[in-house]
Structures are given as C-alpha cells and as structure tokens.
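Scroll down for the structure; my scribbles are underneath it.
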Amino acid sequence: MSTINSETGEVVQGRSPRFTMWVVFLIFATISLGSSVEVKNGSNDPNKASKWAIACSSVTFAVTLLVTIAHVLPVASTLIVGTKLEGIISLIMAAFWAATVAIVTNASNGLGVESQTNTVLNGNLYYASWGGFITSIVLLVNYLKEIFGVDVVGQVRNRSARLSLWAGLLASAFIVLGSSVRVFNGDCDGSSASSQEYCKRTKFAIANGTILCFFSIAIVGMKLMTSSAPFVVEFVTSIFLAVLSAFGVAYVTSAKGPGSQIGNLYYASWICFMSSAFLAAETFNEYSSAGAAGGSSNHNMSNGDDKHDG
C-alpha cells in the first residue's frame with residue numbers, strides 16, 4: 001500500500017497498519033467456522049442459531065481472507081486498503097459479529113454456553129466469537145482514525161479522567177443484567193428449596209446489574225456532556241458501586257449462585273468488581289492527594305502570616 005507523508009509529501013510503500021488485525025480476524029473467523037460446523041454436525045436437529053453461526057463465520061472467513069490477500073498483493077491493495085470499501089466491510093463485520101456473539105453466548109441456543117448449567121460448552125466457539133467481535137470494533141476504530149482523522153479513542157479519553165473505566169463498568173453491567181435475566185426466565189420456577197436459593201441470588205444479580213447500569217450511565221453521560229462529573233458525586237458513587245460489586249461477585253459467583261459456572265455472568269461479575277474497585281481506588285487517591293495539597297497550601301500560608309507578624 002502507498003501512503004503519503006503529510007509533512008514531507010514523500011510517497012511511502014508499506015502495508016496498512018491494520019494488516020495484523022485482519023490476520024487476527026481471519027484466525028478468529030476460521031476457529032468460529034470450524035467450531036460452528038462441529039456443533040451443527042454433533043446435533044441431530046440443528047437449530048436456527050447454529051445455522052446463523054455457520055453462515056456468519058463463513059461470510060466473515062471469506063471476506064477476511066480476501067482482504068488479507070489484498071494487503072499482500074500491491075495491485076489488489078489499491079482497491080481495498082485505505083478505501084471506503086474497507087470502511088464499509090469493517091462496519092458490516094462489526095454488525096455481523098455483534099449479532100453472532102449475542103447468539104453464541106445465549107445459553108438457550110446451546111452453542112457456546114450449555115443451556116442447563118450456563119457453563120461454557122464450546123470454548124473455541126465462545127472465545128472466538130468474543131475475539132472476533134472485539135477485533136471488528138478495533139478495526140473499525142482504527143480505520144476511522146487513519147482515513148478520516150477521527151481519533152475516536154483519543155477524543156473520548158480526553159473528555160474526562162477515568163471515562164474508559166466507567167465505560168468498561170457500564171458494558172460489563174449490561175452483560176450481568178442481560179445474563180441474569182436470561183437465567184431467571186429459563187431456570188427459576190420455584191420447584192425446590194435449592195431452586196429458591198438459586199433464584200434469590202439470581203434476583204440479586206438482576207438488581208445488582210440494574211443499579212450498576214443506572215449509575216454508570218449517569219456518570220458516563222455527565223462526562224460526555226460536560227467533559228467532567230462533579231468529583232464528590234463520582235467519588236461517592238464509585239465507593240458505593242465497589243462495595244455493591246464486592247457483595248455481588250461473592251453472592252452471584254459462589255457455589256449456589258447463577259454465576260458459579262464459567263460463562264458470561266461469571267466473567268462480567270468479576271469485571272464489574274475489578275472496574276469499580278479501580279475506580280474507587282483512583283478517586284480515593286485523587287481525593288487524598290487534593291487533601292494533602294490543600295493542607296500543605298494552608299500550612300505554607302500560615303507560616304507566611306507568622307513571618308509577616310514577626
């Protein structure tokens with residue numbers, strides 16, 4: 001691929017910086033395709049979800065293979081690499097994989113997650129679907145940054161401190177909420193005492209996810225709209241959510257909880273706890289630093305007044 005140095009005007013030969021990401025995307029698509037076919041062949045009555053997984057993986061495999069080859073061939077690279085076509089392909093792939101990861105990780109479909117225990121049923125399919133989705137988002141953001149000069153990550157990060165942590169907490173909270181609701185609708189019929197305890201913890205997971213989503217949306221909204229959030233509000237909220245997440249991860253992922261088995265709810269619960277803990281630690285550290293700076297300033301002013309009086 002030929003690029004032009006904006007400072008010197010020199011034409012530079014080289015591959016797109018997205019070449020490695022397209023190769024990684026191809027690997028995830030290959031793993032997902034093979035695993036989807038394996039799941040379908042192992043089922044006597046394949047459902048629509050397995051057919052969708054195969055169709056999406058097949059299309060993605062074919063497209064990523066062509067784009068990867070285009071990066072290697074100089075003639076073909078001029079038609080795809082760095083053009084609007086690559087942007088359209090990246091956008092379509094992101095949409096494809098957003099739907100795919102939702103279907104594969106839905107326990108009721110019996111693809112990546114076992115429907116009865118909500119555990120990871122097919123590790124390759126489960127992790128490859130998440131890997132493909134994340135890679136597609138990274139590809140799209142990188143394309144926007146290079147072609148249109150839109151530094152999405154940089155602009156969002158500059159809006160306010162800790163925004164990325166709050167966004168991570170929000171995303172994982174949505175997963176906790178969605179997964180726990182799905183578990184409750186599928187497993188909670190109150191037929192036994194053990195089921196009642198299980199469902200009680202599932203209700204707590206739903207409440208936990210709802211509260212985390214509400215406060216995370218509020219803080220993220222304030223940061224995006226005003227470039228900052230009142231520090232006292234952020235500080236108190238982060239401490240509250242850290243305590244709530246600590247109880248949540250202990251209550252939900254323990255032996256009797258709905259998130260005890262490895263799956264979306266398990267991972268998301270731990271990510272919520274770690275994100276909120278980091279937020280609480282950072283805001284507390286900033287609060288302590290501000291207090292120390294204020295105390296030092298007051299002390300210096302007091303010494304100055306004493307010298308003046310003397």
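Numbers below:
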quantity	calculated
Members of the stretch 221-238 found to be of a type in the set (A, V, I, L, M), open to solvent by 20 Å² or more (accessible area, probe 1.4 Å) and either touching a residue at least 12 places away in the same chain (Cβ under 8 Å) or under 28 Å from ALA128 (Cβ atoms) (or both), listed by number	LEU224, VAL233
Matching residues, the stretch 16-65, being basic (Lys, Arg) and open to solvent by less than 10 Å² (accessible area, probe 1.4 Å)	ARG18
Top-ranked residue of the stretch 239-266 - restricted to ones that are buried (at least 19 other Cβ atoms within 10 Å of the Cβ) and without any contact (Cβ under 8 Å) to a residue 24 or more places away in the chain, ranked as nearest to PHE174 (Cα to Cα)	TYR266
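The values are calculated or read from the model by the stated rules, or taken from the named source; none is laboratory data. None of the values given here were measured: they were computed from a predicted structure. All Cβ positions, even for glycine, are placed from backbone atoms using ideal geometry, and neighbour counts span all protein chains on display. Please note that ligands, DNA and RNA were not included when accessible areas were found on the heavy atoms of the full protein model with its side chains. Shrake-Rupley method; radii C 1.70, N 1.55, O 1.52, S 1.80 Å.
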